[in-house]
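One structure is given here, and the rest of the page talks about it.
The values are calculated or read from the model by the stated rules, or taken from the named source; none is laboratory data. Since this is a predicted model, take the numbers as computed values, not measurements. Note that we place each Cβ from the backbone using ideal geometry, even for glycine, and neighbour counts take in every protein chain shown.
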Amino acid sequence: KRRRRAARAAPADRPPPRRSPAQRKGDHHEDAALRLLQSRGLVLLARNLQTRAGEIDLAMREGDTLVFVEVRSRGPSRYGGAAASIGPDKQARLASAAACWLPELARRHWRGRLPAARFDAVVFDAGDPQWLRGAFWQA
């Protein structure tokens with residue numbers, strides 16, 4: 001006799017996974033960063049793009065430019081602040097993750113043509129968000 005497998009609940013039927021307080025705070029900051037950037041005219045293309053190299057928090061469009069956005073927060077003056085936490089290793093991981101998603105985003109939103117791209121950051125240092133355009137560059 002063959003055993004019948006129990007039907008698994010469809011993803012929509014499953015309760016959302018529990019989020020830690022730090023994850024909820026990160027979600028809140030990503031939402032605030034998104035609102036800030038949209039108020040400045042950027043258009044959301046994708047959110048939380050996962051790769052083995054890491055995650056792109058927000059992929060946005062500003063005119064003909066693809067903007068990869070890293071959202072960071074730190075307590076007051078903690079370890080040099082939120083912007084300082086995006087060091088060379090983190091920049092390299094973000095660049096690698098962006099390279100993985102660039103062809104797909106170009107196909108979806110630029111008809112296959114590779115757009116100009118840049119890396120921005122929205123940082124929270126115990127207060128309002130600060131948008132850092134061109135936070136870092138990768139060749």
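Exactly one residue out of 4, 74 is surrounded by 13 or more Cβ atoms within 10 Å (Cβ to Cβ), farther than 24 Å from residue 116 by Cα and either among the small types (Gly, Ala, Ser) or modelled with pLDDT under 85 (or both), and it is 74. Hey, could you check region 77-110 for residues that are modelled with pLDDT under 95 and not in a helix (DSSP H, G or I) and say which is farthest from residue 136 (Cα to Cα)? In this case the residue turns out to be 77. Just to be sure before I move on: is residue 26 surrounded by fewer than 18 Cβ atoms within 10 Å (Cβ to Cβ) and modelled with pLDDT under 95 in the structure I sent? Yes; evaluated as a whole, the condition is true for this residue. Residue 57 is checked against (1) modelled with pLDDT of 95 or more; (2) surrounded by fewer than 19 Cβ atoms within 10 Å (Cβ to Cβ); (3) acidic (Asp, Glu) and fails just one. What number does that condition carry? Evaluating residue 57 over (1) modelled with pLDDT of 95 or more; (2) surrounded by fewer than 19 Cβ atoms within 10 Å (Cβ to Cβ); (3) acidic (Asp, Glu) leaves (2) as the failure.
Among the residues of region 75-105, those that are on the phi < 0 side of the Ramachandran plot and over 17 Å from the mean Cα position of the chain (by Cα) comprise 75, 76, 78, 84, 88. Residue 44 falls short on exactly one of the conditions (1) part of a helix (DSSP H, G or I); (2) loosely packed, with under 15 Cβ neighbours inside 10 Å, and that condition is (1).
Across region 111-133, the qualifying residues are those that are charged (D, E, K, R) and assigned to a strand (DSSP E or B), and the one among them that is farthest from residue 29 (Cα to Cα) is 118. When 68, 136 are screened for being under 20 Å from residue 27 (Cα atoms), surrounded by 11 or more Cβ atoms within 10 Å (Cβ to Cβ), touching a residue at least 12 places away in the same chain (Cβ under 8 Å) and of a type in the set (Phe, Trp, Tyr), only 68 passes.
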